Amino acid sequence: MQETLHTVLALDGENKITLTLPDPKADITLASVQTVFADVIAKELISVNGTPVTRLNEAYIKRVEEVPLT
């Protein structure tokens with residue numbers, strides 16, 4: 001089963017982006033993601049067309065399972 005971490009990040013107003021990272025650690029927590037992105041946001045490390053990310057809206061793990069056809 002493939003897992004990806006999805007982080008939905010707010011820009012200005014209602015604009016948002018989703019940053020997707022493959023194969024997150026099995027023991028990842030919301031608190032650890034919030035801590036990392038608090039630093040990313042404070043240092044303005046991510047921006048889109050010059051607009052910096054302003055907050056982490058949500059974070060979740062997406063699991064995809066491939067089922068072969070018979």
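The values are calculated or read from the model by the stated rules, or taken from the named source; none is laboratory data. In this text, all values refer to a predicted model and were calculated from it rather than measured experimentally. Glycine gets a Cβ as well: all are built from the backbone with ideal geometry, and neighbour counts include every protein chain shown. All accessible areas refer to the heavy atoms of the entire protein, side chains included, with ligands and DNA or RNA removed. Shrake-Rupley method; radii C 1.70, N 1.55, O 1.52, S 1.80 Å.
Working out 0.36 nm times the residue gap between Thr20 and Ile46, then minus their Cα-Cα distance, what length gain in nm do you get to one decimal? Walk me through the numbers before you get to the answer.
Numbers: separation 26, 0.36 × 26 = 9.36 nm, distance 1.34 nm.
Contour length minus the Cα-Cα distance gives 8.0 nm.
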Would you work out the relative contact order for the chain, in percent, from Cα pairs under 8 angstrom that are 6 or more residues apart? 47 percent
If you place +1 on the Cβ of every Lys and Arg, -1 on the Cβ of every Asp and Glu, and leave all else neutral, what size is the dipole of the chain about its Cα centre, to the nearest 20 Debye? 100 debye
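Kirkwood Rh, the chain, all Cα pairs: how many Å? Provide the component values of the computation, followed by the final result.
Numbers: mean 1/r = 0.0751 Å⁻¹.
After inverting the pairwise mean of 1/r, the radius is 13.3 Å.
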If you keep only loop residues by DSSP, which trypsin sites (Lys or Arg not before Pro) in the stretch 1-43 have at most 12 other Cβ atoms within 10 Å of their Cβ? Lys25, Lys43
How large, in percent, is the carbon and sulfur part of the accessible surface of the chain at a probe radius of 1.4 Å? 51 percent
Could you state the angle between the C-alpha long axis of helix 30-42 and the longest principal axis of the C-alpha atoms of the chain, as a value from 0 to 90 degrees rounded to the nearest 10? 30 degrees
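What is the packing order of peptides 26-36, 47-57, taking the mean over residues of other C-beta atoms within 10 Å and listing the highest first?
Details: 26-36: 11.4, 47-57: 13.2.
Going by the mean number of other Cβ atoms within 10 Å, highest first, we get 47-57, 26-36.
Just to confirm, what accessible area per residue do you get for the chain at 1.4 Å probe, in whole Å²? Write out the running numbers ahead of the final one.
Values: 5400 Å² over 70 residues.
Value returned for the chain: 77 Å² of accessible area per residue.
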